Amino acid sequence: MKLCFPVTSDDGLDSKVYEHFGSAQRFIVVDTETGATVSIDNTDKHHSHGSCNPLKALAGAPLDAVVVGGIGAGALIMLNRAQVKVFSSQAPTVGENVALFRSGAFQEIVPPTCGGHGHGHGCAH
């Protein structure tokens, strides 16, 4: 499985997971079967708030999942539409998160759903 992590710098498996997907400087992609890593520059880090294009940012890299410290709803929905699952980071470094992922300790982040209109639920439409 190929897992992608937003990071500030490429320190391989010792890279610290960045707190927000869209404004990360780079992404580290880890093949969980081989342990190989690839670094990708974030080509969309200077987007306007709410207009992150995760597929552009990831330069079309083939991914199975993204592990994030935080992510906006729009980017989450776009990744899910592209069949990329999104998980919440459980540890400070990429390597620690990979180990936890292998053990099944992750829970998928799913987009918010709207329960109806005009009932104060805050879905903004």
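The values are calculated or read from the model by the stated rules, or taken from the named source; none is laboratory data. Just so you know, these numbers come straight off a predicted model, no measurement behind them. Note that each Cβ is placed from the backbone with ideal geometry, even for glycine, and that neighbours are counted across all protein chains shown.
Just one of Phe5, Phe21, Phe27 is at pLDDT below 90 and either in a loop (DSSP other than H, G, I, E, B) or within 24 Å of Gly74 (Cα to Cα) (or both); which is it? Step through it out loud before you land on a result.
Values: Phe5 fails: at pLDDT below 90; Phe27 fails: at pLDDT below 90.
One residue alone meets the criteria, Phe21.
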Report, ordered by the first and then the second residue, all pairs with beta carbons closer than 9 Å, sequence separation of six or more or different chains, a first member in the stretch 100-116 that is at positive phi, and a second member that is modelled with pLDDT under 70.
Gly116/Cys123
Unmet requirement for Ser39, which otherwise passes all of (1) touching an Asp or Glu at 6+ places or on another chain (Cβ under 8 Å); (2) within 13 Å of Cys4 (Cβ to Cβ); (3) at pLDDT below 90
(3)
What tally of residues in the stretch 4-47 results from selecting those that are farther than 13 Å from Val94 by Cα and either among the charged types (D, E, K, R) or free of Cβ contacts under 8 Å to residues at least 12 places away in the same chain (or both)?
6
Taking the residues in the stretch 94-115 that are under 21 Å from Ala57 (Cβ atoms), surrounded by fewer than 19 Cβ atoms within 10 Å (Cβ to Cβ) and not hydrophobic (A, V, I, L, M, F, W, C) as candidates, determine which candidate is nearest to the chain's Cα centre (by Cα).
Glu108
